[in-house]
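Quick notes on the structure that follows.
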Amino acid sequence: MLVATPIGNLGDVSHRAVEVLGAVDLVLCEDTRVTRRLMAAYGLETPLASYHDHNAARVRPRILERLAAGGCIALVSDAGTPAISDPGFRLVRACRDAGIAVSIVPGPTALVAALAISGLPTDSFYFGGFPPPRRVARRTRLASLAGLQATLVFHESARRLQSLLADAELELPGRQAVVARELTKVYEEVREGSIAELLAHYRDAGPPRGEVVVLFGPPAPIGTGDAEIDELLRSALRDGTLRDAVRSVVEATGAARARVYRRAIELQETSSQTGGSTG
């Protein structure tokens, strides 16, 4: 059974997850030290065993044997939903190939949490896991995704964030981006701007601390340059509030909200300086 665990705040674990983790015979986890803290917080004493990239091939046959014999095992990751961008998916595949039923206790996942609060379009998105660590491979991957009309979502280590943003500025020019870190924790931060703006910030500030999710907005549809957006905004601002105008233009064009909002603010400032209306 796959059991989702909190991505940061231990209070986000579900009642059902606690019940299952306390009832199974064994809990497989990436790092027993991390999972032991969660178990201790809820008074659970189920035995733990490591299952991660470095031992998965060796351990997996023994897990399948135990399951086939009627054992009940839960798989968790250090944070979030197991099998998403971790070796758990190979165990799920092996179970299905062996005719062993797999079920899930759903719950938190960092990629969906980051997408939901990013302000970038959510109707279509692509999750790329961790991008390649080497520059040539990373740029090739980004270039291959440049034509997707979707928000791109990646996990990335804090120390490679600048490198990812630098390559994205070349391969995904003109896009809005969001860096979400430490989601659900005390120092949660969601920083948005153009790729160039975010790159400049982290070059000055240095690598952020904690877990990072990086999102790149979709390419602007043809015909939605600043002039076209300004025209739509002027019309919307005549009859509604700034908030409503921004929302309607984002929905109409698919342009990033941050970009449309900045244009709306600039239009209002220009209008107030000239003493005229946005029309």
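Could you calculate the contour length gain from Ser50 to Asp239, that is, 0.36 nm times the residue separation minus the distance between their Cα atoms, to one decimal place in nm?
Working: separation 189, 0.36 × 189 = 68.04 nm, distance 6.01 nm.
So the extension gain works out to 62.0 nm.
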Nonlocal amide H pairs with Leu75, under 5 Å, H built at 1.01 Å = Leu2, Val3, Leu28
Rounded to the nearest 0.05, FRET efficiency between Arg160 and Asp226 (Cβ-Cβ, R0 22 Å) equals 0.10
For the chain, give the share of DSSP beta bridges that are antiparallel, in percent and rounded to the nearest 5; count only bridges with both residues there.
-> 60
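Hey, could you grab the Kirkwood Rh for the chain? Inverse mean 1/r over distinct alpha carbon pairs, Å, one decimal.
It works out to 21.2 Å.
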In degrees from 0 to 90, rounded to the nearest 10, what is the angle of the helix 226-239 Cα long axis to the longest principal axis of the chain?
-> 80
Kirkwood Rh in Å, taken over segment 72-212 so that all alpha-carbon pairs contribute | 16.6
In degrees from 0 to 90, rounded to the nearest 10, what is the angle of the helix 195-205 Cα long axis to the longest principal axis of the chain?
-> 70
Sorted largest first, extent of segment 191-246 alpha carbons per principal axis (Å) | 44, 26, 19
Summed side-chain charge close to Thr46 - residues other than Thr46 whose Cβ falls under 13 Å, Lys, Arg +1, Asp, Glu -1 | -2
Residues Asp244, Asp167 arranged by fewest to most Cβ contacts within 10 Å = Asp244, Asp167
Quick calc: nm separation of the 7 Å Cα→Cβ label points for Arg62 and Ile104 -> 2.8
If contacts are Cα pairs under 8 angstrom and at least 6 residues apart, what is the relative contact order of segment 110-216 in percent?
-> 32
Name the shape class, rounded, prolate or oblate, that the alpha-carbon gyration tensor gives for segment 2-105, where a ≥ b ≥ c are the square roots of its eigenvalues, rounded holds for a/c under 1.5, and otherwise prolate holds if a/b is larger than b/c and oblate otherwise.
-> prolate
Give the angle, between 0 and 90 degrees and rounded to the nearest 10, that separates the Cα long axis of helix 242-253 from the longest principal axis of the Cα atoms of the chain.
-> 70
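Count charges around Pro208 for me, please; just the other residues with Cβ under 11 Å from its Cβ, Lys/Arg as +1, Asp/Glu as -1.
0
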Computed [θ] at 222 nm, helices only, for the chain once each DSSP H run of length n ≥ 4 contributes -39500 (n - 2.57) = -14000 deg cm²/dmol
Can you tell me the order of 143-152, 94-103, 129-138 when each peptide is scored by its average per-residue count of other Cβ atoms within 10 angstrom, highest first?
-> 143-152, 129-138, 94-103
Sum of side-chain charges, Glu30 neighbourhood, beta-carbon under 14 Å (Lys, Arg +1; Asp, Glu -1) | -1
In whole Å, what is the distance between the alpha-carbon centres of segment 66-144 and segment 148-220?
-> 20
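Only the coordinates and a few stated rules stand behind these numbers; no lab work does. Model, not experiment: these values are computed from the prediction. Glycine also receives a Cβ, built like all others from the backbone with ideal geometry; neighbour counts cover every protein chain displayed.
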